[in-house]
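Engineer: One structure, as structure tokens, below. Some questions next.
The values are calculated or read from the model by the stated rules, or taken from the named source; none is laboratory data. This structure is a prediction, so every number in the text was calculated from the model and none was measured. Because the Cβ atoms are built from the backbone with ideal geometry, glycine has one as well, and the counts that use them run over all protein chains shown.
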Amino acid sequence: ELFPGLIYRMVKPRIVLLIFVSGKVVLTGAKVRGEIYEAFDNIYPILKGFKKQ
């Protein structure tokens, strides 16, 4: 069975992102809320480049 998303393990902050074809993103492994914001701020510009037109 295939997993319908990408598993991205970020080094700093140490967070795992599940990125799905639908555009949904799940962030796991954060100790504090600030780590979630930092991780999303880091990955968003990259994901935005792959947005469908």
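Engineer: Give the range 19-44 a look and list any residue that's modelled with pLDDT of 95 or more and among the small types (Gly, Ala, Ser), or say none.
Structural biologist: Gly29, Ala30, Gly34, Ala39
Engineer: Taking the condition out of contact with any helix residue (DSSP H, G or I) (no Cβ under 6 Å at 6 or more places or on another chain), surrounded by 10 or more Cβ atoms within 10 Å (Cβ to Cβ) and modelled with pLDDT under 95, does Leu47 pass?
Structural biologist: On the way: out of contact with any helix residue (DSSP H, G or I) (no Cβ under 6 Å at 6 or more places or on another chain): yes; surrounded by 10 or more Cβ atoms within 10 Å (Cβ to Cβ): yes; modelled with pLDDT under 95: yes.
For Leu47, the condition - out of contact with any helix residue (DSSP H, G or I) (no Cβ under 6 Å at 6 or more places or on another chain), surrounded by 10 or more Cβ atoms within 10 Å (Cβ to Cβ) and modelled with pLDDT under 95 - is met.
Engineer: Here is a follow-up. So is Val16 at pLDDT below 95, β-branched (Val, Ile, Thr), at negative phi and loosely packed, with under 15 Cβ neighbours inside 10 Å or not?
Structural biologist: When the stated conditions are applied, Val16 does not pass them.
Engineer: So, one more: Evaluate the following for Leu47: is it touching a Leu at 6+ places or on another chain (Cβ under 8 Å) and at negative phi? Show your work before the answer.
Structural biologist: Values: touching a Leu at 6+ places or on another chain (Cβ under 8 Å): no; at negative phi: yes.
Spelling it out, it is not the case that Leu47 is touching a Leu at 6+ places or on another chain (Cβ under 8 Å) and at negative phi.
Engineer: Quick check on Glu1: is it surrounded by 10 or more Cβ atoms within 10 Å (Cβ to Cβ) and among the charged types (D, E, K, R)?
Structural biologist: no
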